[in-house]
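Reviewing the structure listed below.
Nothing in this text is a laboratory measurement; each read-out follows from the coordinates by a stated rule. Quick caveat, the model's predicted, so the values are computed rather than measured.
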Amino acid sequence: MVGARATTTRAVFSTGILRRNPDTTYALVDLVNLGTTIANRMTVQVFDWSSGLPVALNLSPCNTTKCLVSLAPGTSNFVFADVSGVEFKYEVRISRAAFNRNVILNVSGLSAEPMTPQVGNNVLQLQLFRIKRRSCNCQ
């Protein structure tokens, strides 16, 4: 990755537990790197908390429960999970390099086609909660 900086310090952000709006089908994570020189790597996870314990959901387009997203400077991308099978509540976690504040992360709960945002399932960058990594099983 050209311009990437090696780092061991990661910042982990969470939506907290969201009550799924009955019309919410997808949890969409939009990521944008507004930096001009440094490429960035983020890890995205979505958990179903309906049973009281976290169950990792598959993410697209990665087809895995932990999706690694690389963003070159000045680019954006998205990742989503199908949450239509979530009975009550879910959470989105995103980790990124702690030093790079030029990455903006937003989470939206979307309906099925035409994929409109759903009330109560949208969390913007400033609303995300930074988790202390020592107090959770975060990566």
Next item on the list: Could you run the Karplus curve 6.51 cos²θ - 1.76 cosθ + 1.60 with θ = phi - 60° over segment 9-26 and give me ³J(HN,Hα) per residue in whole Hz, x for Gly and Pro?
Entry: 8, 10, 10, 10, 10, 10, 6, x, 7, 10, 7, 6, 4, x, 8, 7, 9, 10
Check: What ³J(HN,Hα) values, in whole Hz, does the Karplus curve 6.51 cos²θ - 1.76 cosθ + 1.60 give for segment 76-83 when θ = phi - 60°, with x put for Gly and Pro?
Finding: 10, 7, 8, 9, 9, 10, 7, 10
Check: Amide H neighbours of residue 75 under 5 Å, counting only residues 5+ apart in sequence or on other chains, H built in-plane at 1.01 Å?
Finding: 33
Checklist line | Estimated vicinal HN-Hα couplings, Hz - segment 32-38 in sequence order (Karplus 6.51, -1.76, 1.60; Gly, Pro = x) | finding: 9, 9, 8, x, 10, 10, 10
Margin query: Could you tell me the extents of the chain's C-alpha atoms along the three principal axes, largest first, rounded to whole Å?
Written below: 42, 36, 28
Checklist line | Long-range HN-HN contacts of residue 103 with modeled amide H, under 5 Å | finding: 34
